[in-house]
Amino acid sequence: MKKITILIHCEDQPGIIAAVTNYIAGIGGNIVYLDQHVDSDQNVFFMRLECEFKLTDWSLDAVRSDFDLKLAHPFAMSWELYMKEQKPRMAIFVSKYDHCLYDLLGRYSTGELPLEIPLIVSNHDDLKPVAERFGIAFRHVPFSKEIREAGEEAQLALLAEFQIDFIVLARYMQIVTPRIISLYQNKIINIHHSFLPAFPGAKPYHSAFKRGVKIIGATSHYVTEELDEGPIIEQDITRVLHSHSIEDFIMKGRDLERIVLARAVKLHAERKTMVYNNRTVIFS
């Protein structure tokens, strides 16, 4: 049984859903999931569908070519087609904080995340034992302003060597270079330790504590050259009280970071996110 996922966006116009569903039925496919959304302000149509084929002589390349000719071109679609069993390959970039790394690796080892993790990259050696414990390649790539270009080249070489499809910054404390962002557009996921856009800087929980906030949060988003301004994938919050200490804030915040990052990674790996005009459409 061949299973594929198709993501589509284009100008909203009559007949798109009928044309796509009739096409899938016409080539022997069965649609098992379909969701769509129309941004009425921008007049843009979005759709995600999953379908399966029982034909033994089914050809993915033939379907791609035929779909492009008969549907994508007439409707001026931007579209992507994936084999469902083809798991994306994810690299984790990390520094010294280990809570998000452990959470992702734990979920990965239990089969919760539909992806492969062949590589962990860090600008420090501290977390190498964690990678070894999970049997994942660890590469130490020093990175600072003074050796920025050398670090970038080393990172790019590793991403190519391990055939990486997307990157997750699991509290990686360096700024990703514009070149890497360009090559992996909407394929680099970051976790931010606040409910954006609030309390920026190195000590957000201290700032939140001083302000006497009642809610703290975490935000996962795609990385763009504008720091912490990329399309938001997932967010969550938790309540805090005046009786909580800064340590309580940090503990609760890290719990949120783990959960929010894992959700975002899973949504991306399952191809349930679409980006348009610095916003995301998230399918269920």
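Things to note:
- The number of residues in the range 149-168 that are of a type in the set (A, V, I, L, M, F, W, C) and part of a loop (DSSP other than H, G, I, E, B) comes to 2.
- Test: ARG239 is open to solvent by 40 Å² or more (accessible area, probe 1.4 Å) and under 30 Å from ARG139 (Cβ atoms): no
- Qualifying position, being under 30 Å from THR21 (Cα atoms) and basic (Lys, Arg), among LYS84, LYS128: LYS84
- For first residues located in the range 60-88 and among the hydroxyl-bearing types (Ser, Thr, Tyr), partners that are assigned to a loop (DSSP other than H, G, I, E, B) and lie 6+ apart or on another chain with Cβ distances below 8 Å form the pairs TYR82/ARG271.
- Qualifying residue in the range 239-258 (condition: within 30 Å of GLU50 (Cα to Cα), touching an Asp or Glu at 6+ places or on another chain (Cβ under 7 Å) and touching a residue at least 24 places away in the same chain (Cβ under 8 Å)): yes
- Per the listing GLU234, GLU225, the residue uniquely within 27 Å of PHE166 (Cβ to Cβ), at pLDDT 90 or above and open to solvent by 70 Å² or more (accessible area, probe 1.4 Å) is GLU225.
- Filtering the range 106-147 to residues that are open to solvent by 40 Å² or more (accessible area, probe 1.4 Å) and in a strand (DSSP E or B) leaves GLU116, ARG139, HIS140.
- Residue that is nearest to the chain's Cα centre (by Cα), among those in the range 1-30 that are among the aliphatic types (A, V, I, L, M) and at pLDDT below 95: ILE4
- Residues in the range 73-97 that are outside any strand (DSSP E or B) and either within 20 Å of VAL176 (Cβ to Cβ) or of a type in the set (Phe, Trp, Tyr) (or both): PHE75, PRO88, SER95, LYS96, TYR97.
- The range 60-103 - residue that is over 30 Å from PHE45 (Cα atoms) and out of contact with any strand residue (DSSP E or B) (no Cβ under 7 Å at 6 or more places or on another chain) and, of those, surrounded by the most Cβ atoms within 10 Å (Cβ to Cβ): ASP103
For every residue, the table says whether it meets (1) open to solvent by 10 Å² or more (accessible area, probe 1.4 Å); (2) touching a helix residue (DSSP H, G or I) at 6+ places or on another chain (Cβ under 7 Å); (3) among the hydrophobic types (A, V, I, L, M, F, W, C); (4) not in a strand (DSSP E or B).
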{"site": "GLU247", "(1), (2), (3), (4)": "yes, no, no, yes"}
{"site": "ILE250", "(1), (2), (3), (4)": "yes, yes, yes, yes"}
{"site": "GLY253", "(1), (2), (3), (4)": "no, yes, no, yes"}
{"site": "ALA264", "(1), (2), (3), (4)": "no, no, yes, yes"}
{"site": "HIS268", "(1), (2), (3), (4)": "yes, no, no, yes"}
{"site": "ARG271", "(1), (2), (3), (4)": "yes, no, no, yes"}
{"site": "MET274", "(1), (2), (3), (4)": "yes, no, yes, no"}
{"site": "THR280", "(1), (2), (3), (4)": "yes, no, no, no"}
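- Restricting attention to the range 18-59 and to residues that are among the hydroxyl-bearing types (Ser, Thr, Tyr) and loosely packed, with under 13 Cβ neighbours inside 10 Å, the residue that is farthest from SER284 (Cα to Cα) turns out to be THR56.
The values are calculated or read from the model by the stated rules, or taken from the named source; none is laboratory data. All values derive from a computational prediction rather than experimental measurement. So basically every Cβ, Gly included, is an ideal-geometry build from the backbone, and we count neighbours across all protein chains shown. Protein only, heavy atoms only, side chains kept; ligands, DNA and RNA dropped before computing areas. Shrake-Rupley method; radii C 1.70, N 1.55, O 1.52, S 1.80 Å.
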